[in-house]
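Colleague: Below is one structure. I have some questions about it.
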Amino acid sequence: MGMRVAGGTGRAACALMAGVSLIALMRPALAADLPMTKAPPPAVMSSWAGFYLGVDGGYGWAKDNYVEPFSLVTSTQHSINGVASQGAVYGVHGGYNWQFGRAVTGFEVDFDPADIKGSNGASETAVRGRLGADTVTVTQRENIQYLGSARARLGWLPSDNWLLYGTAGLAWGRFDTALDESSTFSGTSFFSSTRTPFTKFGWVAGLGTEVMLGSPHWIGRVEYLHYQFSALIAADSFSGPTLNRSASTSDQTVDVVRAGISYRFGDPAQPVPHLYTKAPVAAPLANWAGFYLGVHGGYAWADDPTTQPAAVLFGGGTDVISGTKYDGWVAGGHFGYNWQYDRVVTGFEADLSAANLKGATNVGRFGADSLSFDENVHYLGTLRGRLGWLPTNNVLLYGTAGLAWERFDLAETDSEPQLAGIATERSNTPSDQFGWVAGIGGEVMLGSTNWLGRLEYLHYDFGHVLGDDTEGAVSTTSGHQTIDLVRAGLSYKFGEKAPAAAYAMAGKVPQPMLQSWAGFYLGGHAGYGWKDNDISSDTIFAGVFPIGGIRSQGWLAGGHAGYNWQYANAVAGIEIDGTATGIESAAKASILQTAPGIVENASLTVSDDVKYLGTLRGRVGWTPAGGWLLYSTGGLAWEHADRTQTFGVVAGETSTLLEPRDLFGWVAGAGVETFIGSSNWIARLEYLHYDFGNVERTTSYVQTAPAFTSSDHGGHQTIETVRAGVSYKFTP
C-alpha cells in the first residue's frame, strides 16, 4: 500500500508541474489577446526645491535698554531708562530650497521697510522766586526704517505639503535716533532737536512654518524672527570726588512676527513616464544655469541733497551750504548662481566694487570764518536677486534688486583767521551705510563659449546719511543719498553650455564619482585671530603726546552654512558664517603737565573688544583627489566691536565712553577640506584675511603763525584668522 500511495503522490506532483508549465507557456498568447494596462505610478512627495519670490507683512517690537543720566535745571540727576518701540513691517523676500527626502535646506534674502517707533524722556522744573519757574524736558526718540537679512534655512516635512523650519544668518537695520530738548527760562521758550541716522549690522534667528496653498507653486508662511544689533546710544560715564554719573548701553533687539506668500518657480516632481516610443529630440535652449564668476567696471553719479544754514553751523549768518553732487569710476568683481525654467532665469548675485566717487559742497561763510564739506565713496557692495527672460537662445534680459552697502567718508574743513595767521582744521569721518539697490541689465553668450558679456544699470538709495539739526526756527535738512551706476562686465559660467537633460538624452551621462562635493552643508568652526589697527594720533593732550596702534588677539568660534556645485574636478559655491570672538586689547598714552604750582598726571586708554565677525563669500576649488578639496574664497565681511575710551587725571576724576561699532569690508582666504572616511562629514582648515579699511575719525590742524601742525593717522584695520571646522553635507 505504501508503494501505491507513493506512486499516486508522484503522479499528482507530475500533473501539477505540467499544469504550471502549460500556463506559463500560454501566458504570452493570452497577453496578446487581453487589453494592456499600465500600473499606476508610485506616489511622489511634493517638491519644495526651487527658486521662490514673495511678499510679507507683520508687526515688530523693539527694545533698547540703555540708561542715560541727565542733570537738568537742578543738581538732582534724572535719567532716560531705555526706549521701547513697536510698529508695522512689510516687504519682499527671495530664496532657493534644496530637498533631501523630508529635509529641506536653503538660503533666503529679505528686505522689509518698517515703521517701528518709540520714545522716552525726562522732565524737571525749578522755581526761581519772582523769576518764575524754569523747566527742561529731554525726549529720546527711536525709529526703525528698514530691516534686512541674509539667512540659511533648515526644515523638515511632517507631511508632503507642510514645512517646519529654523533659520539664522546676518541682519542689518536702518535706525534714526532723535534727541529733543524744550526749555523755558524766565518766560522764554526754546526748542532744539538733533536727528542722527544709524546703520547697524547684527544677527537674526527664528523659526516658521510654510504650507502649500493647493498648488505646489503657491506657498503661505508664518514666521517669527529675533534680530540683535549693537547699541544705538553710547554710554558716557564720569566719576570723581564730588560727582558720579553712570550710564549704560544695551544691544538693540527687534522681535518680528509676520505672514507671507511666495511663488515657487519650476514644476512639481513627477515620476518618470514609461516610454513606449522614442520621440524626436528637440533642440535644447542654451543652458544659463550654473555658478559664475566675473569682473565689471563703469561710471557712477551720486547726489546727497542736504541744506545746512550758517545760522546753525556758525551761530549766525545767512549763507546756506548746499548738498553734494559727485561722480567717478567703479570697478570690481561679482559671483552668483542661475537657475533656469525654460525661458525664465532666476538667481542670486553678490558683488564688491572699489570706487572713487568724490565731490564737495559750496563754501559757507560767517564773517571771516569759512566751512565746507567733502564726500567720498570708497566701496560699493550688493546682495541681489535676479529674474530674467530669454528672448533668444543666447540673450538674457533681467531685473535685479536687493541689499546695498557703501563705505562713505565725510570730511569737514573749517578755516578761521587769527591775530597772527590762519588756523585750518580738517576732520574726516568714515562710516558704513546700508540701503537698497534695483536695476536692469542684459547678458549675451559670447559665441559657443561659457563666457558671458553684460551691460547693466543700478540705482542705489542709502536714505539719510547725514543728521538733521534744529535750533529754534532754523534747521538743517538731509535728503536721500543716491548713486546711479552704469557698468559693463564679463563673467565665466561653470558647466556645460547645453542643459544636462539634453546630454542625458544624447547618451552623454556623467560618470559616477567616488564622492561628490555638491550639496548643502552646515557646520561649526573654531580658531584664533589677530587684529591690527594702526591708528596714531598726535592731537591728544594739546598735540604733544601721541597714542599708537591697537593690536589684539584671541579665540573665535562659530557656525557656517553653504552650498557647493561640482563640475568634474572643479567645485564652486557660496558660504555664509557668523563667529563669536574674544579678540581684545588696548593702547595707552599718558602725560605729565607742569605749570607754576600745578602738577597734573593724565592718561588715555583706548581698547577694542571684537564681539562678532561675519562673512558672505564665494568659493572656487579643485579636487586633486576624490576626497580632498583645495579652495580659495572671497566676499563681504562684517565686524562688531566695543570701543572703550577712558580718560583719567590725578585728581581722581575718570571719564569713560563706551561706543559700539559695526564695521564692514572685504575678506579673502584659502583652505583645504577632506571627507572623514566614507561619511558625509567633512573636516576643514582655512585662513581668512579681513580688511575694513580706515575706520577712525581723523583730524589735522594747521596754524600758519605761529607755525604749528598736527595730524592723525586713519587707523587701517585688518584681522587675520586661522580656524578649523567640521561640516555635514546633505545628500539626495
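Coordinate-derived values only; no laboratory data. Values in this document were obtained by computation on a predicted structure and should not be read as measured data. Methodologically, a virtual Cβ is constructed for each residue, glycine included, from the backbone with ideal geometry; neighbour enumeration extends over all protein chains shown.
Colleague: Using the Kirkwood formula over every pair of different C-alpha atoms, what hydrodynamic radius in Å results for the stretch 516-732?
Modeller: Values: mean 1/r = 0.0503 Å⁻¹.
Over the stretch 516-732, the inverse of the mean reciprocal pair distance is 19.9 Å.
Colleague: Follow-up. Relative contact order for the stretch 287-501: what percent, with Cα pairs under 8 Å and sequence separation of 6 or more? Before the final figure, lay out each step's value.
Modeller: Values: 617 pairs, mean separation 48.3, N = 215.
Relative contact order of the stretch 287-501: 22 percent.
Colleague: For the stretch 680-732 and the stretch 475-489, write down the distance between their C-alpha centroids in whole Å.
Modeller: 26 Å
Colleague: Say R0 is 25 Å: what FRET efficiency, to the nearest 0.05, do Ala331 and Trp389 get from their beta-carbon distance?
Modeller: Working: r = 28 Å, r/R0 = 1.14.
About 0.30, to the nearest 0.05.
Colleague: Now for a separate question. With the crude spin-label approximation of a point 7 Å out along Cα→Cβ, what separation in nm comes out for Ala88 versus Lys588?
Modeller: The modelled label-to-label distance comes out at 5.6 nm.
Colleague: If R₀ is 30 angstrom, what is the calculated FRET efficiency for the pair Leu397 and His480, using the beta carbon separation as r and rounding to 0.05?
Modeller: The value I calculate is 0.60.
Colleague: Next question. Quick check: residue separation of Tyr528 and Val295 times 0.36 nm, minus the Cα distance between them. What number comes out in nm? Working shown, then result.
Modeller: Values: separation 233, 0.36 × 233 = 83.88 nm, distance 3.23 nm.
Length difference between fully extended and current span is 80.6 nm.
Colleague: Continuing with this model, one more query. Calculate the radius of gyration of the Cα atoms of the stretch 283-386 to one decimal place, then report Dmax, the largest Cα-Cα distance, as a whole number, both in Å.
Modeller: Using the Cα atoms of the stretch 283-386, the pair Rg, Dmax is 22.2, 78 Å.
Colleague: Alpha carbon centre of the stretch 310-383 versus the stretch 598-648: separation in Å?
Modeller: First find each Cα centre; the distance between them is then 25 Å.
Colleague: Could you calculate the contour length gain from Gln515 to Asp461, that is, 0.36 nm times the residue separation minus the distance between their Cα atoms, to one decimal place in nm? Spell out each step's value before the answer.
Modeller: Numbers: separation 54, 0.36 × 54 = 19.44 nm, distance 4.53 nm.
Stretched fully, the Gln515-Asp461 segment lengthens by 14.9 nm.
Colleague: Estimate the FRET efficiency between Thr699 and Leu164 by the formula 1/(1 + (r/R0)^6), using the beta-carbon distance for r and 41 Å for R0, to the nearest 0.05. Don't jump to the answer; show the numbers that get you there.
Modeller: On the way: r = 55 Å, r/R0 = 1.33.
It comes out at approximately 0.15.
Colleague: Where in the stretch 196-225 is the amide nitrogen less than 20 Å from a point lying 7 Å along the Cα-to-Cβ axis of Thr253?
Modeller: 200-208, 223-225
Colleague: Here's something else I'd like to know. Label points 7 Å out from Cα along the Cβ direction at Leu53 and Thr718: separation in nm?
Modeller: Each label point lies 7 Å from its Cα, and together they span 4.2 nm.
Colleague: Full extension from His217 to Ala580: what is 0.36 nm times the residue separation minus their Cα-Cα distance, to one decimal in nm?
Modeller: Numbers: separation 363, 0.36 × 363 = 130.68 nm, distance 3.84 nm.
Extending this stretch completely gives an extra 126.8 nm.
Colleague: Same structure, new question: Here are some pairs, Lys200/Lys531; Lys200/Lys358; Lys493/Lys531; Lys588/Lys611; Lys358/Lys588; which of them have Cα atoms lying more than 29 Å apart in this structure? Before the final figure, lay out the partial values.
Modeller: Details: Lys200/Lys531 21 Å; Lys200/Lys358 25 Å; Lys493/Lys531 36 Å; Lys588/Lys611 21 Å; Lys358/Lys588 35 Å.
Exceeds cut-off: Lys493/Lys531; Lys358/Lys588.
Colleague: Quickly work out the Asn65-to-Tyr263 label distance, labels modelled 7 Å from Cα along the C-beta direction, and quote it in nm with one decimal.
Modeller: Result for the modelled spin labels: 4.4 nm.
Colleague: What does a probe at Leu446 reach in the stretch 383-398, counting residues whose amide N is under 17 Å from the point 7 Å along Cα→Cβ?
Modeller: Counting backbone N atoms under 17 Å from the label point, the list is 394-396.
Colleague: When a/c is below 1.5 the answer is rounded, else prolate if a/b is larger than b/c, else oblate, so apply that to the stretch 638-698 with a ≥ b ≥ c taken from the square roots of the Cα gyration tensor eigenvalues.
Modeller: On the way: a/c = 4.73, a/b = 2.75, b/c = 1.72.
Cα axes put the stretch 638-698 in the prolate bin.
Colleague: Here's another thing I want to ask about it. Note down the relative contact order for the stretch 599-675 as a percent, whole number, built from C-alpha pairs under 8 angstrom at least six residues apart. It would help to have the intermediate numbers written out before the result.
Modeller: Details: 161 pairs, mean separation 27.8, N = 77.
For the stretch 599-675, the relative contact order is 36 percent.
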